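> A single structure is presented below for examination.
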Ligand SMILES: [Ca+2]
Ligand SMILES: [Ca+2]
Ligand SMILES: [Ca+2]
Ligand SMILES: [Ca+2]
């Protein structure tokens, strides 16, 4: 009961902060055009030099960020951490009052769950008369976010919001975080001591006897514009404390001559009719983690990928990597090149050392049941198989095995099944009593015969072409025709190469972690 009572108190306090947030007239950005915009500016002598740089369509800034939040009291403790990156790319400009404003196209992730949103202010961006100005989607509302001409301007912010009723100055400082460490102009907000105080990222707090530490700093570099953010917010009284901290830093920009050989995914793309069009060749970096907020997943049936064994595959350091679900045709004989492993048929069984001639590697992006079946009919062989993983020191862990006496039982198959966490595993074949070469088929599949697609991409081929698709890091992909009438291929990191007629095609990525999608066509 104590636990619940204090939890409720914490919630009520946070809610009251939010409620009071409306009373103080804080909150930057906003509708009133800043006075400096109507003031003639002497562009020949700006207060800060280097901010009269040119923009053009295609310019980009890529930022990485992290955010952490925590709450503690005597009875409970909770925290959350987020980290990702996003990119601003300039699109087609529009002209407003003689100023060219470029559309800011956001890709990647600028939102920390439902806790924090770093999405830059405004929809369009201009640099003119030594000012960096954003324009809202209404095409009318302009906000100066950095005024190098005057050196001081009414509040506003790019990644956070500064109060519009406060005059801000840029001072030369240094931005230093995991992503950037350079001299930069700092625009910072500090709390005042009145009863009703505006705190960046929190709102206006009226009354109370809490200890508050609140900081927000944005950073700008000449010739480059906004390069990062630091915020810290800590609130506590004698019984509880809550804090949050965020860092953003620029990692690449066309204004520095950087090029990036990949695109960042743009959500939401969870519905087929919202598939992101891509041009080949394409490399896209994205993630598929808890996408309920983007529209969830669509289950798509997948096909077994038929593959021939490819020797040498004699050890876990040189295995044959397989996409799932895989149907492998191979063969084995005692005396083939192999790796010796000490194993146990059961946890309390007697250890024995045996040789494994064929090694197959599979990677699971999420926890799943792995089903493995090996058949070798028409032979007089006793094959066995083990399912292993390796730790950082290459020590073997046994997850499952199947070691029937096939000759004695006159049944020439083995099967094993195990629920496994995300990771890399090895299916190893042992020619236990196999003096004559024996052919086998090895089927490896996850518990389901479908993939839960959370990210859709589409591409078009003007003529027949051979297309290669691979997804590393995620649970795999499906390739389908635009009507989704048939799945043409599926796989993962090993990818697929397929001849396709002219037309439009869909690629769906399964939910289960960060991934890189490569689509190429020679
Ligand atoms: Ca995604
Ligand atoms: Ca073999
Ligand atoms: Ca056997
Ligand atoms: Ca998605």
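> Kindly check whether there is at least one residue in the range 422-443 that is within 16 Å of ligand 2 (Cβ to nearest atom), assigned by TED's automatic domain parsing to the domain that holds residue 338, part of a loop (DSSP other than H, G, I, E, B) and surrounded by 15 or more Cβ atoms within 10 Å (Cβ to Cβ).
Checked against the condition, which is being within 16 Å of ligand 2 (Cβ to nearest atom), assigned by TED's automatic domain parsing to the domain that holds residue 338, part of a loop (DSSP other than H, G, I, E, B) and surrounded by 15 or more Cβ atoms within 10 Å (Cβ to Cβ), the range 422-443 yields at least one hit.
Residues are listed down the side, and each one gets a yes or a no for (1) under 16 Å from the mean Cα position of the chain (by Cα); (2) within 16 Å of ligand 2 (Cβ to nearest atom); (3) over 25 Å from residue 465 (Cβ atoms):
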{"site": "280", "(1), (2), (3)": "no, no, no"}
{"site": "284", "(1), (2), (3)": "yes, no, no"}
{"site": "288", "(1), (2), (3)": "yes, no, yes"}
{"site": "291", "(1), (2), (3)": "yes, no, yes"}
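> Could you tell me whether any residue of the range 387-403 is exposed (fewer than 15 other Cβ atoms within 10 Å of the Cβ) and more than 23 Å from residue 493 (Cβ to Cβ)?
Yes, there is a match, as at least one residue in the range 387-403 is exposed (fewer than 15 other Cβ atoms within 10 Å of the Cβ) and more than 23 Å from residue 493 (Cβ to Cβ).
> Check 70, 156, 77, 107 and return the single one that is more than 24 Å from residue 187 (Cβ to Cβ) and buried (at least 21 other Cβ atoms within 10 Å of the Cβ).
After applying the criteria, what remains is 107.
> Filter the range 268-302 down to the residues that are in a helix (DSSP H, G or I), more than 9 Å from ligand 4 (Cβ to nearest atom) and more than 11 Å from residue 453 (Cα to Cα) and list them by number.
Correct list: 273, 292, 293.
> Of the conditions (1) part of a strand (DSSP E or B); (2) at pLDDT 95 or above, residue 452 satisfies every one except a single condition; which number is it?
Among (1) part of a strand (DSSP E or B); (2) at pLDDT 95 or above, residue 452 violates only (2).
> I would also like to ask the following. Among the candidates 292, 252, single out the residue that is within 16 Å of ligand 1 (Cβ to nearest atom), on the phi < 0 side of the Ramachandran plot and either without any contact (Cβ under 8 Å) to a residue 24 or more places away in the chain or in the same structural domain as residue 84 (by TED's automatic domain parsing) (or both).
292
> Next question. Is there a residue being at pLDDT below 95, in contact with a helix residue (DSSP H, G or I) (Cβ under 8 Å, 6 or more places away or on another chain), under 26 Å from residue 88 (Cβ atoms) and not in a strand (DSSP E or B) anywhere in the range 181-203?
The answer is yes, given that some residue of the range 181-203 is at pLDDT below 95, in contact with a helix residue (DSSP H, G or I) (Cβ under 8 Å, 6 or more places away or on another chain), under 26 Å from residue 88 (Cβ atoms) and not in a strand (DSSP E or B).
> Working only within the range 510-520, note down all residues that are assigned to a strand (DSSP E or B) and closer than 11 Å to residue 473 by Cα.
Within the range 510-520, 510, 513, 514, 515, 516, 517 qualify.
> Please go through the range 57-89 and pick out each residue that is more than 22 Å from the chain's Cα centre (by Cα) and within 17 Å of residue 226 (Cβ to Cβ).
59
> Could you please find all residues in the range 119-141 being surrounded by fewer than 21 Cβ atoms within 10 Å (Cβ to Cβ) and more than 25 Å from residue 172 (Cβ to Cβ)?
119, 123, 136, 137, 138, 139, 140, 141
The values are calculated or read from the model by the stated rules, or taken from the named source; none is laboratory data. Nothing here was measured: the structure is a model prediction, and the numbers come from that model. Here the Cβ is made from the backbone with ideal geometry for all residues, glycine too, and neighbour counts use every protein chain on show.
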